[in-house]
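One structure is given below, encoded as structure tokens.
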Amino acid sequence: MKGKIINYRRGRKTEYTDQFVIEIDGIESKEKASTLTGKRVVWKTSTGKEIIGKVTKAHGNKGAVLAKFNKGLPGQAVGTNVDVQA
């Protein structure tokens, strides 16, 4: 499945740079998003390296999910595509 990185997980005064909000194509509800918990998320750099993360939980009511990357991602990753391996 394809997804798009929307933003960091953040609050009013904090930003978690190893956690990202991701919108996934075809997922429109919180119930469908919660079925993806535990799946792998892969982001590819421009050089072809892969950084692997994991879906941790659903985010909001419109089908977005939170994914945590062990290494974290660069700021340029916001707005780019990821692969969710279901």
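Quick grid of which residues meet (1) over 17 Å from Thr80 (Cβ atoms); (2) of a type in the set (Ser, Thr, Tyr):
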{"position": "Arg10", "(1), (2)": "yes, no"}
{"position": "Thr17", "(1), (2)": "no, yes"}
{"position": "Val41", "(1), (2)": "no, no"}
{"position": "Thr47", "(1), (2)": "no, yes"}
{"position": "Ile51", "(1), (2)": "no, no"}
{"position": "His59", "(1), (2)": "yes, no"}
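Filter segment 4-21 down to residues that are exposed (fewer than 14 other Cβ atoms within 10 Å of the Cβ) and among the aromatic types (Phe, Trp, Tyr), then give me how many there are.
Looking only at that region, the number is 1.
Between a first residue in segment 32-61 that is of a type in the set (D, E, K, R) and a second residue that is not in a strand (DSSP E or B), which pairs have beta carbons less than 8 Å apart while being 6 or more apart in sequence or on different chains?
Here the result reads Lys32/Gly63; Lys39/Ala86; Lys54/Gly38; Lys54/Lys39; Lys57/Ser34; Lys57/Thr37, each pair linking segment 32-61 to a residue that is not in a strand (DSSP E or B).
Just so you know, all these numbers are worked out from the coordinates, no wet-lab data involved. These numbers come from a predicted model, not from an experiment. Quick reminder, even Gly has a Cβ in these numbers, built from the backbone with ideal geometry, and neighbours come from all protein chains shown.
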